[in-house]
Amino acid sequence: MMEIVQGDITTLNVDAIVNAANASLLGGGGVDGCIHRGAGPKLVAKCATLGGCKTGDAKITPGYNLPAKYVIHTVGPVWHGGKKGEPDLLASCYRRSLELTVEHGLRTIAFPSISTGVYRYPKDRACDIAVETVSAFLERHEEIEKVIFVCFSQEDFSLYREATL
Ligand code: AR6
């Protein structure tokens, strides 16, 4: 099932939360900064051993001091107008994160709205890709119990509510 909540992803008690990271995996602003603050310094130390991450791919670490057991770090595309493969790369972020969820036997996962902050992906288009990609994956993977879309703003919440109706 899919669920939408408004709030801070770092407060969620789920198997995994997804981080909208950058290719270095060494932290940054936005949700990345919040997750690193919540997890504590062991997270950046672990991330430093992973050799970075390509756009559209994902890597998993423990959640350390977070309520979530794991953090799945994915790197969304920077929006350059939509003709540079951005939609496929964004869909790949959701798919790769869900594949790691299945590989690790996890059942509950929460996503932020990847690429829609610093990376400037238009929120409505990103929301459609998130919902379409996740629902297609869930049709093939009943072992995932719950996917939560975490909306930081009321605007995001409304977009996701419409897209999941
Ligand atoms: N919980 C849920 N969503 C959040 C939170 C939070 N605590 N904080 C922000 N958001 P962004 P990006 C929302 O900029 O666009 C970083 O510096 C935010 O409102 O965090 O993928 C990385 O290191 C927006 O809707 O990620 C990269 O360099 C969404 O999360 C770069 O930013 C994503 O915004 C990645 O940019």
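Every number here is computed from the coordinates shown, using simple stated rules; none is lab data. Just so it is clear, the structure is predicted and the values come from calculations on it, not from any experiment. Note that we place each Cβ from the backbone using ideal geometry, even for glycine, and neighbour counts take in every protein chain shown.
Taking R0 as 30 Å, what FRET efficiency do you get between residue 104 and residue 78 from their Cβ-Cβ distance, rounded to the nearest 0.05? Before the final figure, lay out the partial values.
On the way: r = 28 Å, r/R0 = 0.94.
Efficiency for this residue pair is about 0.60.
For the chain, what is the calculated [θ] at 222 nm in deg cm²/dmol (nearest 500), taking -39500 (n - 2.57) for each run of four or more DSSP H residues and dividing by its residue count? It would help to have the intermediate numbers written out before the result.
Working: 5 runs with 64 residues, N = 165.
Computed ellipticity for the chain at 222 nm equals -12000 deg cm²/dmol.
Net charge near residue 48: determine it from the other residues with C-beta under 13 Å of the C-beta of residue 48, scoring Lys and Arg +1 and Asp and Glu -1. Don't skip to the answer; put the middle values down first.
On the way: positive: 42, 46, 59; negative: none.
Combined, the nearby Lys, Arg, Asp and Glu give +3.
Hey, rough spin-label estimate for residue 145 and residue 3, points 7 angstrom out along Cα→Cβ, what's it come to in nanometres?
In this crude spin-label approximation the distance works out to 1.0 nm.
For a footprinting-style exposure proxy, rank 5, 134 by other Cβ within 10 Å, fewest first. Each step should come with its number before you reach the end.
Working: 5 15, 134 22.
Lowest to highest Cβ neighbour count: 5, 134.
Once you have the Kirkwood Rh of the chain from its Cα pairs, apply Stokes-Einstein at 20 °C and 1.002 mPa s and quote D in µm²/s.
Numbers: Rh = 15.4 Å.
So the translational diffusion coefficient is about 139 µm²/s.
Under the 0.36 nm per residue contour assumption, what length would be gained going from the current alpha-carbon distance of residue 54 and residue 42 to full extension?
Values: separation 12, 0.36 × 12 = 4.32 nm, distance 2.19 nm.
Residue separation times 0.36 nm, minus the Cα-Cα distance, leaves 2.1 nm.
Would you mind telling me which residue in 127, 93, 34 has the biggest mean-square fluctuation in a Gaussian network model of the chain, where springs connect alpha carbons within a distance under 10 angstrom?
34
Could you work out the pair-distance distribution P(r) of segment 57-139 from its alpha-carbon pairs, with 10 angstrom bin width and percents rounded to whole numbers?
Histogramming segment 57-139 at 10 Å steps yields 17, 50, 28, 4 percent.
Give the order of 46, 54 when sorted by the count of other beta carbons within 10 angstrom, beginning with the fewest. The partial results should precede the final answer.
Working: 46 16, 54 13.
Least to most surrounded, the residues fall as 54, 46.
Using the number of other C-beta atoms within 10 angstrom as an exposure proxy, rank 90, 138, 26 with the fewest first. Please report the intermediate quantities before stating the final value.
On the way: 90 26, 138 17, 26 14.
Ordered from fewest to most neighbouring Cβ atoms within 10 Å, 90, 138, 26 come out as 26, 138, 90.
For the pairs 42/84; 84/146; 59/84, note any where the Cα-Cα span goes beyond 30 Å.
Values: 42/84 35 Å; 84/146 32 Å; 59/84 23 Å.
As for pairs spanning more than 30 Å Cα to Cα, those are 42/84; 84/146.
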